[in-house]
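Enquirer: A single structure is presented below for examination.
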Amino acid sequence: MNAAATSGTFREARAAWPAIAFLFVFFALPVGALMLRSVTDPQWGLQNFSDLLATGTYARVLFNTFLVAAVVTLMSLLIGYPLAWLLVMLPARWQQVLLAILLMSMWTSLLARTYAWLVLLQKTGVINRILLSVGVIDAPLPLVNNLTGVVIGMTYIMLPFVVLPLRATLATLDPALMHAGAVCGASPWRLFRSVLLPLSLPGIGAAGLMVFVMSLGYYVTPALLGGTGNMMLAELIAQTVQSFLNWGLGAAAALVLLCATLALYALHMRYLDEDA
Amino acid sequence: MILTRNRLGLFRFVLYGHAVLVMAFLLLPIIFIALLSFGSSRWMMFPPPEWTLRWYEELATDPRWAEAMWLSLRLALIVTVLSVLLGGAAAFALVRGRFAGRRVLKAFFVAPMIVPVVIVAIALYAFSLKVGLNGTFAGFVAGHLIIAVPFSVICISNSLRGFDPALEQAAAICGAGRLETLRRVTIPSIAPGLLAAAVFSFLASWDEVVVSIFMASPQLQTLPVRMWTSLRSDLTPVIAAASTLLVLASLILMALLGLSATRAGRSKMQ
């Protein structure tokens, strides 16, 4: 590389400085300062963490968070996988229609969609009224302000995040393998179980991990569709800081969430690397 | 094609049925809310007894809602411009620059997407309380920009990677200055990436809830914050009208993006 080109690239590297400075001051520094507060507020030590783990309520929140994230991941994989499979088999035109719907849903206001479920699932809501009039149930089901509501709402929101990457994985698989299986007389179920599923396991792992990570830290949907008795971690963090002004404890909970998120994300990246 | 559908026999109808159900699951709640926003029942009876524009009227005339809408719009526009500028410059450095630590820098730029937004929100909240940004317009801009910049960096980087810098050199040889090259060669070539960056930045700000809840003051609330606070007291259909507006904005912008993508694809084929 000659001298002129080198100085040119240096000039181009400088272009990143405004963004770096901005994110450093308003993102990295505040997050770092918050994490520090978990061991300095109200005084130096690990008492915030021992409070977090020793108190029954907090332990229950942690359990709820991982439980909901796991159930949501499982549900969205179960619902999303067949759709992703169908997507790679459909003619391009139909693929595009379904993809457009998925993308649109993904980019439509999160708050608006959560609100829709709040209205749909309430005691006098459409779903309960239909079930009552059909005679499946005698009394309205408690579908919202509990973990059921959270799982329904979050599965709805996470679905595109499962289908899109799974479809990408399935599209890279060699169709000849499936053809060979079919020619040898394997039933669709057998083909799925012995060929498609094993081959798409890395994709399932990556998509599932992604959704699990996102679910762990979700705030809006659990806060609106969940009840007061079964909070999730993000809500606990927000409430501890905002209502109880207990910054130390809130920061400790935030640190737990951040570590879990980063660890799982690192795992996810390794999955993708092996895939490539 | 992984497997011709016909080979699947009757099983393919199971897949079709499943797809139809999932699409209904994704679409119906949004349609339902849009319908309810025109219904006359305060208790959101469905089907609505009568149709009305009353909730939209309230949205436009009630100062609390109207001001929130106006704030959201101004905010989203400013955030879009800043995000494309900051993110675009950073993308140039990432794609063109050959300096140590580029991978780390890339990770740093997408970090706000990975860190749970509630952590970003309370970290910024604590910081804002210290420096007096809380409840200010500048505070909202900073908060939304954190969320928006990663989208710009990603969209514009992807676009730049597909652009051959030799074209810039050609322009330079033909006597174009740096600015003219940028304006007449580079920017038109990466226009789809810039548009995507702008759309996603706008939507990221327009729809942002969590950071805004902490940044808001009783006097300064964005539309989602206003929705959030009234959701906690009652489910008034005005929220349905506001939701419909939010959905409409994303629909229009996504359609715009889709249109530009198809056009770009077509011009590439020719």
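Enquirer: State whether region A:15-129 is rounded, prolate or oblate according to the following rule on the C-alpha gyration tensor (a ≥ b ≥ c being the square roots of its eigenvalues): a/c under 1.5 gives rounded; otherwise a/b larger than b/c gives prolate, and the remaining case gives oblate.
Expert: Details: a/c = 2.40, a/b = 1.48, b/c = 1.62.
Verdict is oblate for region A:15-129.
Enquirer: At 222 nm, what value in deg cm²/dmol follows for chain A if DSSP H runs of at least 4 each add -39500 (n - 2.57) and the sum is divided by all its residues, to the nearest 500? All intermediate terms of the calculation are to be shown ahead of the outcome.
Expert: On the way: 15 runs with 214 residues, N = 276.
Helices in chain A give a 222 nm mean residue ellipticity of -25000 deg cm²/dmol.
Enquirer: Please list, ordered by chain and number, the residues whose modelled amide H lies under 5 Å from the amide H of residue B:39; skip anything fewer than 5 residues away on the same chain.
Expert: Result for residue B:39 returns B:52.
Enquirer: Once the other residues with Cβ under 13 Å from the Cβ of residue A:137 are scored (Lys, Arg +1; Asp, Glu -1), what is the net sum?
Expert: Working: positive: A:123, A:129; negative: A:138.
With Lys, Arg at +1 and Asp, Glu at -1, the neighbours total +1.
Enquirer: Using a 7 Å offset from the Cα along the Cα-to-Cβ direction at both residue B:191 and residue A:133, what is the distance between the two label points in nm, to one decimal?
Expert: Label-label distance for residue B:191 and residue A:133, simple model: 5.1 nm.
Enquirer: Less than 14 Å Cβ to Cβ from residue B:240, Lys/Arg counted +1 and Asp/Glu -1: what total charge do the surrounding residues give? The partial results should precede the final answer.
Expert: Numbers: positive: A:113, B:42, B:54, B:226; negative: B:57, B:58, B:234.
Residues close to residue B:240 contribute a combined charge of +1.
Enquirer: Here is a follow-up. So how much accessible surface do B and A hide from each other in total, probe 1.4 Å, in square angstrom to the nearest 100? Intermediate values should be presented prior to the final figure.
Expert: Working: alone 16500 and 16200 Å², together 25150 Å².
In total, chains B and A hide about 7600 Å² from solvent.
Enquirer: Counting only protein chains, not ligands or nucleic acids, how are B:130, A:123 ordered by accessible area (probe 1.4 Å), most first?
Expert: Numbers: B:130 165, A:123 120 Å².
Correct descending sequence by accessible area is B:130, A:123.
Enquirer: Next question, about the same structure. What net charge do the residues around residue A:57 carry, taking every other residue with its C-beta under 15 Å from that of residue A:57, with Lys and Arg at +1 and Asp and Glu at -1? Write down the numbers at each step before the final one.
Expert: On the way: positive: A:60; negative: A:51, A:235.
Its environment carries a net charge of -1.
Enquirer: State whether chain A is rounded, prolate or oblate according to the following rule on the C-alpha gyration tensor (a ≥ b ≥ c being the square roots of its eigenvalues): a/c under 1.5 gives rounded; otherwise a/b larger than b/c gives prolate, and the remaining case gives oblate. Walk me through the numbers on the way to the answer.
Expert: Details: a/c = 1.95, a/b = 1.10, b/c = 1.76.
Oblate, because a/c is 1.5 or more while a/b does not exceed b/c.
Enquirer: Could you tell me whether chain B comes out rounded, prolate or oblate from its Cα gyration tensor? Rule is a ≥ b ≥ c as square roots of the eigenvalues, rounded for a/c under 1.5, then prolate if a/b exceeds b/c, otherwise oblate.
Expert: Numbers: a/c = 2.02, a/b = 1.26, b/c = 1.60.
It comes out oblate by the Cα gyration axes.
Enquirer: Sticking with this structure for a sec: Report ³J(HN,Hα) in whole Hz for each residue of region A:111-118, in order, from the Karplus equation J = 6.51 cos²θ - 1.76 cosθ + 1.60 where θ = phi - 60°; Gly and Pro get x.
Expert: Working through the residues one at a time gives 5, 4, 6, 5, 4, 4, 5, 4 Hz.
Enquirer: Pairs of Cα atoms under 8 Å, at least six residues apart: use those to get the relative contact order of chain B, whole percent. Show your work: numbers first, answer last.
Expert: Values: 279 pairs, mean separation 76.2, N = 270.
Relative contact order, chain B: 28 percent.
Enquirer: Moving on to the next point. Dipole of chain B, Cα-centred, from +1 at each Lys and Arg C-beta and -1 at each Asp and Glu C-beta, to the nearest 20 debye?
Expert: Computed charge dipole of chain B: roughly 1140 debye.
Enquirer: Projecting each Cα onto the charge dipole of chain A (Lys/Arg +1, Asp/Glu -1 at the beta carbon, about the Cα centre), which of A:90, A:195, A:29 comes out farthest on the positive side?
Expert: After comparing all options, I get A:90.
Enquirer: Any idea which of A:79, A:124, A:269 is furthest toward the positive side of the dipole for chain A, if Lys and Arg beta-carbons carry +1 and Asp and Glu beta-carbons -1?
Expert: Value computed over the given set: A:124.
Enquirer: Explain nothing, just the number: relative contact order of chain A, from Cα pairs under 8 Å at least 6 residues apart, as a whole percent. Could you put the intermediate results ahead of the total?
Expert: Values: 263 pairs, mean separation 80.1, N = 276.
Here the relative contact order equals 29 percent.
Enquirer: Then there's this: Given the rule -39500 (n - 2.57) for each run of at least 4 DSSP H residues, summed and divided by the residues of chain B, what is its mean residue ellipticity at 222 nm, to the nearest 500 deg cm²/dmol? Mind showing how you got there, number by number?
Expert: Working: 12 runs with 199 residues, N = 270.
Using -39500 (n - 2.57) per qualifying helix, the result is -24500 deg cm²/dmol.
Enquirer: Ok, one more. In the full protein assembly as shown, how much of residue A:25 is accessible to a 1.4 Å probe, in Å² to the nearest 10?
Expert: Here the residue's solvent-accessible area equals roughly 60 Å².
Enquirer: Would you please name the trypsin sites (Lys or Arg not before Pro) within region B:67-118 that are DSSP coil residues with at most 15 other C-beta atoms within 10 Å of their C-beta? Present the calculation step by step, with values, prior to reporting the outcome.
Expert: On the way: sites: B:74, B:96, B:98, B:102, B:103, B:106; in loops: B:98.
Listed in order of number, the matching sites are B:98.
Enquirer: Work from the charge dipole of the protein assembly as shown (Cβ charges, +1 for Lys and Arg, -1 for Asp and Glu, about the Cα centre) and give the residue of A:208, B:35, A:53 farthest towards its positive end.
Expert: Of the candidates, A:208 comes out farthest on the positive side.
Enquirer: If you put +1 on each Lys and Arg Cβ and -1 on each Asp and Glu Cβ, how big is the dipole of chain A around its Cα centre, in Debye rounded to 20? Before the final figure, lay out each step's value.
Expert: Numbers: 12 positive and 9 negative charges, 88 e Å.
The calculated dipole for chain A is roughly 420 debye.
Enquirer: Picking from A:197, A:23, A:177, which is most flexible by a Gaussian network model of chain A using Cα springs under 10 Å?
Expert: A:23
Enquirer: Same structure again: For chain B, modelled as a Gaussian network with Cα springs under 10 Å, which listed residue fluctuates most, B:157, B:72, B:41?
Expert: Result: B:41 has the largest fluctuation of those listed.
Enquirer: For the protein assembly as shown, what is the charge dipole size about the Cα centre, in debye to the nearest 20, if Lys and Arg each add +1 at the Cβ and Asp and Glu each add -1 at the Cβ? If you can, show how the numbers build up before the last one.
Expert: Working: 34 positive and 20 negative charges, 233 e Å.
The dipole of the protein assembly as shown has a size of about 1120 debye.
The values are calculated or read from the model by the stated rules, or taken from the named source; none is laboratory data. Keep in mind it's a predicted model, so treat the numbers as computed, not measured. Ideal geometry is used to build each Cβ from the backbone, glycine not excepted, and the neighbour counts take in all protein chains shown. Just so you know, the surface numbers come from the protein's heavy atoms only, side chains and all, with ligands and any DNA or RNA stripped out. Shrake-Rupley method; radii C 1.70, N 1.55, O 1.52, S 1.80 Å.
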